[in-house]
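Colleague: Structure below; questions to follow.
The values are calculated or read from the model by the stated rules, or taken from the named source; none is laboratory data. Not measured: the values here are computed from a predicted model. Positions of Cβ are backbone-derived with ideal geometry, glycine not excepted, and every protein chain shown enters the neighbour counts.
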Amino acid sequence: MSTTQTPPVLAAELAQAWADIQRYHPELPDLAAPESLIGESSSACGHELSFERLLHEAVHGVAAARGVRDTSRAGRYHNRRFLAIAEELGLDHPEEPHPSSGFSLVTLTPEAKRRYRPTIERLQRALKAHSAATTGDTARSFRGPAARHGSSGGGVRVKAVCDCGRNVRVVPSVLAQAPIVCGGCGKPFRIPEVVGAAS
């Protein structure tokens, strides 16, 4: 089975764009795997990979660093705590919250567009090159770290279990990046082998 690798140029541009955000917001954690931003989509956060989407993900990163619960409803509903941090980072939501996704569909403010103009332009060039290289590969729509939002589309979730019998649904590639440990028994979740499964 062949796998498509994230082009090094795009991964590097994503990492650089994230670092550009960190310059203004030092509490934002490092982006451990730029590749995780490619190939998935989330209806809760928008569909396309763009700087605006990256800044949205940075809001979640800052919220996590502060210990702020910024979403509910399995990550789909973005609450006012999310919006407050989004405004700090240069995102705005001019309308009332969406009934199911809250304040998720934020947009860049004019000030943020000016501040990040060189970053936005570099990332757009890298995304265009990536799109041209992967045309026809419909499995590579954006989902990124927001995969935790439980949206449909993108990677298929499967059941992972731990020794005490608890289970979670997870995209296998996410579990392959690092163990997910059960808070009940302290053992890692694993995907059980299914005998005789159709491929």
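Colleague: Just the residues that are of a type outside the set (Asp, Glu) and either touching a Ser or Thr at 6+ places or on another chain (Cβ under 6 Å) or assigned to a loop (DSSP other than H, G, I, E, B) (or both), please, taken from segment 48-71.
Modeller: Leu49, Ser50, Gly67, Val68, Arg69
Colleague: Residues in segment 132-139: is at least one modelled with pLDDT under 75, of a type in the set (Asp, Glu) and over 21 Å from Gly61 (Cα atoms)?
Modeller: Yes, segment 132-139 contains a residue that is modelled with pLDDT under 75, of a type in the set (Asp, Glu) and over 21 Å from Gly61 (Cα atoms).
Colleague: Give the residue that is modelled with the lowest pLDDT, with candidates limited to residues of segment 91-131 that are among the hydroxyl-bearing types (Ser, Thr, Tyr) and under 19 Å from the mean Cα position of the chain (by Cα).
Modeller: Going through the qualifying residues, I end up with Ser131.
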